[in-house]
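A short write-up of the structure that comes next.
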Amino acid sequence: MIRKIVRIDEDKCNGCGLCVPSCAEGAIQIIDGKARLVADNLCDGLGACLGDCPQDDITIEERDADEFDEVAVAEHLGESGGHAPAAPAHPGGGCPSAQVRSFAPPTGGGCPSARPLQIERPQPAERTVSGAPPSRLAQWPIQLHLVPPTAPFLRGADVLLAADCAPFAYAGFHEELLKGKALLIACPKLDNTAPYLDKLVAMIEQSEINSLTVVHMEVPCCSGLIHLARQAVARSGREIPLQTVRIGIHGEKQ
């Protein structure tokens, strides 16, 4: 079938591996010092890896390719430990930021901005004509990178995993999406997302979160959050409700 699929220009590729962690399906690996598409049916063609290549050698093309196969992706990820394979070290050293790092829960002390904090709020009054709407944020921190899997506000919570841009784009974020939920924010394009899968799995397993809602932007790279959440739920072995909400770049809920 003719469809959109990733194209890698191997002449430009320097084997840094930055594209590997951003491919939630594990379709890209470093082989013989170059990034290569492992199999056509593992690539969804959405292009979550495009913005992570410093050489601009990854593009989207339309060509005859096997249809994207979610079952094949699940089997492929299972063989690689349930997540996209880590980029092996490039013979020339490669890019350190492409290395997969495991997360470690914060210990005593450390940066105050990363310390879990439950925010107790009185029940807010409804918005008046002249007043600003109340904040529905009920915890700190909110960055997925900083939240430990056993943070008290996650225990049995309905969790909202939101792209960094979503609260700015959608005016009804607090009232319609955040109210009554614990918040985690991340950017699948700019963050090093390699540790996020293990962390989300741990949250689902250890904190026994009740449900997971993913709020993502309409841009292709943002779909990485959806893949991340689906993999985490599958790996956790717990059947919890998983919903997705797409926000348009003009601020509409799609």
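The table that follows gives values for the structure above.
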read-out: Enumeration of residues in the stretch 20-30 that are open to solvent by less than 10 Å² (accessible area, probe 1.4 Å) and part of a helix (DSSP H, G or I); value: Val20
read-out: Complete set of residues in the stretch 31-62 that are charged (D, E, K, R) and in a helix (DSSP H, G or I); value: Asp40, Asp52
read-out: Whichever residue in the stretch 39-48 is out of contact with any Pro (no Cβ under 9 Å at 6 or more places or on another chain) and among the hydrophobic types (A, V, I, L, M, F, W, C) and, among such residues, is most open to solvent (accessible area, probe 1.4 Å); value: Ala39
read-out: Selection within the stretch 193-227 - at pLDDT below 90 and touching a Pro at 6+ places or on another chain (Cβ under 7 Å); value: Thr193, Ala194, Cys221, Cys222, Gly224
read-out: Top-ranked residue in the stretch 51-70 [being open to solvent by less than 60 Å² (accessible area, probe 1.4 Å) and at pLDDT below 85; ranked as farthest from the chain's Cα centre (by Cα)]; value: Cys53
read-out: Meets criteria (more than 23 Å from Pro195 (Cβ to Cβ), open to solvent by less than 30 Å² (accessible area, probe 1.4 Å) and among the charged types (D, E, K, R)) for Asp11; value: no
read-out: Hey, Gly94 more than 29 Å from Ala151 (Cα to Cα), in a loop (DSSP other than H, G, I, E, B), at pLDDT below 60 and open to solvent by less than 60 Å² (accessible area, probe 1.4 Å) or not; value: yes
read-out: Residue check, Val73 at pLDDT 85 or above, buried (at least 19 other Cβ atoms within 10 Å of the Cβ) and assigned to a helix (DSSP H, G or I); value: yes
read-out: Residue match in the stretch 127-134 (condition: surrounded by 10 or more Cβ atoms within 10 Å (Cβ to Cβ), out of contact with any strand residue (DSSP E or B) (no Cβ under 8 Å at 6 or more places or on another chain) and modelled with pLDDT under 80); value: yes
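The values are calculated or read from the model by the stated rules, or taken from the named source; none is laboratory data. Computed from a prediction, not measured in an experiment: that's the story for all the values here. Note that each Cβ is placed from the backbone with ideal geometry, even for glycine, and that neighbours are counted across all protein chains shown. Ligands, DNA and RNA are stripped out before the accessible areas are found, and what is left, the full protein with its side chains, is counted by its heavy atoms. Shrake-Rupley method; radii C 1.70, N 1.55, O 1.52, S 1.80 Å.
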